[in-house]
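Down below is the structure, laid out as structure tokens.
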Amino acid sequence: MEASIDYEALFAATPSPYLVLRPDLVIVDVNDAYLRATGRSRRDLIGQYLFDAFPDNPADATADGVRNLGASLHRALQSKQPDTMAVQKYDIPDTSRPGSFEERWWSPINTPVLGPGGQVAWIIHRVEDVTEFVRSRPSHPTDGPSGKRVAMEAELYARARELQRLNEELRQAHARERQVAVTLQEAMLHSPDLKRHPNVAVRYLPAVGSLNVCGDWYDVVDLPDDTFGVAVGDVVGHGLAAAAVMGMLRSALSAAVRALHEPAKSLEVLGLYSRSVDGALATTAVQAVIDTRNQLIAYSSAGHHPPVLVHPESTCELLDQATDPPLGARPEHVPRPQAAVPYRQDDLLVLYTDGLIERRGEDIDTGLQRLTDGLARYARLSPDRLADALLTHLDVAGGAQDDIALIVVRL
């Protein structure tokens, strides 16, 4: 039988300097190597905000250690991935001369540690003190093997610093591009009628690795005579091109259902319109109209996964009686089917796109069963809490390989 490992003792004895930080960058642990490298004690550091313990050198107008390290730590928090920095000049307070700083150069890496819920619980900050190497770089390397080695190391160092500068420029450019994409997506997904429906929750998650734009959509529209419509749709593809097609189709369906008030006829109009839109072929969508006066749901689907009606006793009913091929799948116009189903007070209606349930190499029935199991489990929660619980239950709270749009309606 293997002996248990004392990880606390291993951490303390590790020869590389380590800090453990909370997500708010407060120091919660430190190993002996770090204390030796900085000349500090545990009492000096534990419980301190990192940049209070290690501020920039006020005598160095070019000091950028706090800015660069802070940016790296926040990238690790947001991406949940390790972030490696180039060699960084970061002077530290000289404990033998209060008020003065000692020149230091470091090679840092920041590694997030995730908790049970998938959120960052700690950051491990590891550094190597490379001050002696940096100081030993001669201005004019001598000839011979030793001189050539030093020259090569100096060149690698210079290239690492240049790579850090270029990476920062790329990150800034990507951040600007992503902000444009996010603004575009928010504008296209805006549902002005949604604020009048506190019983409706919506969620939108782009595919992992995307710019936060996709071809999925949701919509909520108010209609006459105590009725309102909800819809979701899915354009093939990701990125700005799919998002542009999504915006056109979403607007067309929203206008059609406002004018016609019937799901099937609205999807017929959308199908005709889609033939003139490049990239709209094979789009799927489902439109439902909820009659609150007569407690009736009318619906129609263009190749989309069936909505789910969840009853208070946690039984689930798939609304699959009015399903037709996706948009543009038929060469000629054919009227689309429509079905209606009664509902009871406190029932739930759930519409979603395929990223919520589909998994590579898995039968779609397995995904539907996992969905209905989750809905039955959380049926008594409020729409907002149910939406979040369902995403966690299906292991997509942080995004999936495909885009996700979700609507939860408490009837």
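Assorted remarks:
- With respect to the conditions (1) open to solvent by 60 Å² or more (accessible area, probe 1.4 Å); (2) under 18 Å from Ile407 (Cα atoms), Asp291 falls short on a single one, namely (1).
- Picking from residues in segment 172-199 that are touching a helix residue (DSSP H, G or I) at 6+ places or on another chain (Cβ under 9 Å) and either exposed (fewer than 12 other Cβ atoms within 10 Å of the Cβ) or in a loop (DSSP other than H, G, I, E, B) (or both), the one that is modelled with the lowest pLDDT is Ala187.
- Meets criteria (open to solvent by 80 Å² or more (accessible area, probe 1.4 Å) and either under 19 Å from Val120 (Cα atoms) or touching a Ser or Thr at 6+ places or on another chain (Cβ under 8 Å) (or both)) for Tyr49: yes
- Flag if Ala86 is at pLDDT 90 or above and either closer than 18 Å to Arg22 by Cα or buried (at least 16 other Cβ atoms within 10 Å of the Cβ) (or both): no
- Selection within segment 51-109 - over 23 Å from the mean Cα position of the chain (by Cα) and among the acidic types (Asp, Glu): Asp52, Asp56, Asp60, Asp64, Asp91, Asp94, Glu102, Glu103
- Of all the listed residues (Leu391, Leu375, Leu368, Leu406), the sole one being under 17 Å from the mean Cα position of the chain (by Cα) and either assigned to a helix (DSSP H, G or I) or among the polar types (S, T, N, Q) (or both) is Leu391.
- Looking only at segment 200-240, and only at residues there that are assigned to a strand (DSSP E or B), at pLDDT below 90 and not hydrophobic (A, V, I, L, M, F, W, C), the one that is surrounded by the fewest Cβ atoms within 10 Å (Cβ to Cβ): Gly237
- In the set Leu77, Leu25, only one residue is aliphatic (A, V, I, L, M), in contact (Cβ under 8 Å) with a residue 40 or more places away in the chain and touching a helix residue (DSSP H, G or I) at 6+ places or on another chain (Cβ under 7 Å); that residue is Leu25.
- Residue check, Arg336 touching a residue at least 40 places away in the same chain (Cβ under 8 Å), open to solvent by less than 60 Å² (accessible area, probe 1.4 Å) and assigned to a loop (DSSP other than H, G, I, E, B): yes
- Out of Ala298, Ala302, Ala280, Ala264, one residue alone is touching an Asp or Glu at 6+ places or on another chain (Cβ under 8 Å) and open to solvent by less than 10 Å² (accessible area, probe 1.4 Å). It is Ala302.
- If the condition is being farther than 16 Å from Leu205 by Cβ and hydrophobic (A, V, I, L, M, F, W, C), then segment 358-405 contributes Ile364, Leu368, Leu375, Ala376, Ala379, Leu381.
- Scanning segment 258-273 for residues that are β-branched (Val, Ile, Thr) and under 32 Å from the mean Cα position of the chain (by Cα) yields no hits at all.
- Within segment 115-127, the set of residues being in contact with a Phe, Trp or Tyr (Cβ under 9 Å, 6 or more places away or on another chain) and surrounded by fewer than 15 Cβ atoms within 10 Å (Cβ to Cβ) comprises Gly115 only.
- One residue alone among Gly367, Gly361, Gly399 is over 26 Å from Asp291 (Cβ atoms) and loosely packed, with under 14 Cβ neighbours inside 10 Å, and that residue is Gly361.
The values are calculated or read from the model by the stated rules, or taken from the named source; none is laboratory data. Just so it is clear, the structure is predicted and the values come from calculations on it, not from any experiment. Every residue, glycine among them, receives a Cβ derived from its backbone with ideal geometry; neighbour counts consider all protein chains shown. We work out accessible area using only protein heavy atoms, side chains counted, and drop any ligands, DNA or RNA first. Shrake-Rupley method; radii C 1.70, N 1.55, O 1.52, S 1.80 Å.
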